[in-house]
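The values are calculated or read from the model by the stated rules, or taken from the named source; none is laboratory data. Owing to the predicted nature of the structure, the values given are computational and were not obtained by experimental measurement. Here the Cβ positions follow ideal geometry from the backbone for every residue, glycine too, while neighbour counts run over all protein chains shown. The accessibility values were calculated without ligands, DNA or RNA, using every heavy atom of the protein model including side chains. Shrake-Rupley method; radii C 1.70, N 1.55, O 1.52, S 1.80 Å.
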Amino acid sequence: AGVTQTPRYLIKTRGQQVTLRCSPKSGHDTVSWYQQALGQGPQFIFQYYEEEERQRGNFPDRFSGHQFPNYSSELNVNALLLGDSALYLCASSTGTALNTGELFFGEGSRLTVL
Amino acid sequence: QKEVEQNSGPLSVPEGAIASLNCTYSDRGSQSFFWYRQYSGKSPELIMSIYSNGDKEDGRFTAQLNKASQYVSLLIRDSQPSDSATYLCAVHGSSNTGKLIFGQGTTLQVKP
């Protein structure tokens, strides 16, 4: 099975909170989250390995995450802003891929903030 | 200066032609380089990876890397309408943690 993300589409209003979920590809233990605004390349949010945040990109504390013992992960965004509207991509890899950067992406969760 | 730069295009080529996509990066210590293809409304899909200077060929695709010039390119031979997509250049930085830095992507249109 590949990388599974839920929900695929969601609409929220400013100030609300959202939780996005990701199940990594079978055999993968590392999950990274990316934000892709329209017409832009994906931007790294953070990466989880062994249930800990391993690295974080330039995103505010409103963005938080978690990894569970089964390697699945959640991305939480609090106090939503209009600018948070984007495609949120989950990417999985194995620990051994950390030195190669070969990632497998899910189909993404498209968030619209009104 | 952006960390990874691509011309956003669109790049339009006729069917059967060679499409040439280019990318420059700023971190001289970068070790791994990738090309992802992204169809409209879909997620990125890895199509090529390259780690050392020179050319790497895979079917109709050739990736070229020149670390001295901090330049990566992707050539698509015998372009097909199904190749029409956005091509994202991604660089694995010198921090060696699996974080990829993406360019904004080049949109390729292959016209029948």
Legend entry - GluC sites (Glu not before Pro), loop per DSSP, at most 16 other Cβ atoms within 10 Å - longest free stretch of chain B: B:16-112
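Quick one: dipole size for the protein assembly as shown, taken about the Cα centre, charges +1 on Lys/Arg Cβ and -1 on Asp/Glu Cβ, in debye to the nearest 20.
Details: 19 positive and 20 negative charges, 96 e Å.
Dipole size: approximately 460 debye.
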Legend entry - Given charges at beta-carbon only (K, R positive; D, E negative), |dipole| of chain B in Debye: 160
Legend entry - Cross-link reach list, aspartates and glutamates versus B:LYS42, counting only Cα pairs under 16 Å and skipping chain neighbours closer than eight places: A:GLU107, B:ASP83
Legend entry - Within 10 Å of each Cβ in A:38-50, the average number of Cβ atoms from other chains: 4
Inset, instruction - Check each of the trypsin sites (Lys or Arg not before Pro) in the stretch A:3-109 and keep only those in coil by DSSP with at most 15 other C-beta atoms within 10 angstrom; list them in order. - result: A:ARG8, A:ARG14, A:ARG62
Inset, instruction - Taking the Cα centre of chain A as origin, sum charge times position over the Cβ atoms of Lys and Arg (+1) and Asp and Glu (-1), and report the length of that vector in debye to the nearest 20. - result: 460
Legend entry - Entries in B:LYS2/B:LYS111; B:LYS67/B:LYS111; B:LYS67/B:LYS99; A:LYS12/B:LYS99 that, when Cα-Cα distance is taken, lie over 27 Å: B:LYS2/B:LYS111; B:LYS67/B:LYS111; A:LYS12/B:LYS99
Legend entry - Which of B:GLN31, B:GLY16, B:VAL110, positive extreme of dipole for chain B (C-beta unit charges): B:GLN31
Legend entry - Cβ-defined net charge surrounding A:GLN36, 13 Å radius [Lys, Arg +1; Asp, Glu -1]: 0
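Please go through the stretch B:1-98 and write out the trypsin sites (Lys or Arg not before Pro) that DSSP classes as loop and that have at most 10 other C-beta atoms within 10 Å. If you can, show how the numbers build up before the last one.
Values: sites: B:LYS2, B:ARG28, B:ARG37, B:LYS42, B:LYS56, B:ARG60, B:LYS67, B:ARG77; in loops: B:LYS2, B:ARG28, B:LYS42, B:ARG60, B:LYS67, B:ARG77.
Here the trypsin sites (Lys or Arg not before Pro) that fit, given the DSSP loop and packing criteria, are B:ARG28.
Considering only protein heavy atoms, with the full assembly of protein chains and a 1.4 angstrom probe, order B:PHE61, A:PHE68, A:PHE104 by accessible area, largest first. Mind dumping the intermediate values first?
Values: B:PHE61 30, A:PHE68 65, A:PHE104 100 Å².
Most to least solvent-accessible, the answer reads A:PHE104, A:PHE68, B:PHE61.
So, with a 1.4 angstrom probe, what is the percent of accessible area on chain A that is carbon and sulfur?
Numbers: 2620 of 5390 Å².
Within chain A, the accessible surface is 49 percent carbon and sulfur.
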Legend entry - Dipole-positive endmost among A:LEU80, A:LEU114, A:CYS90 within the stretch A:27-114 (Cβ charges, Cα centre): A:LEU114
Legend entry - Cleavage-rule hits (GluC sites (Glu not before Pro)) in the stretch A:1-84: DSSP loop, at most 15 neighbouring Cβ within 10 angstrom: A:GLU50, A:GLU51
Legend entry - chain A, Rg to Rh (Cα coordinates; Rh as Kirkwood inverse mean 1/r): 0.95
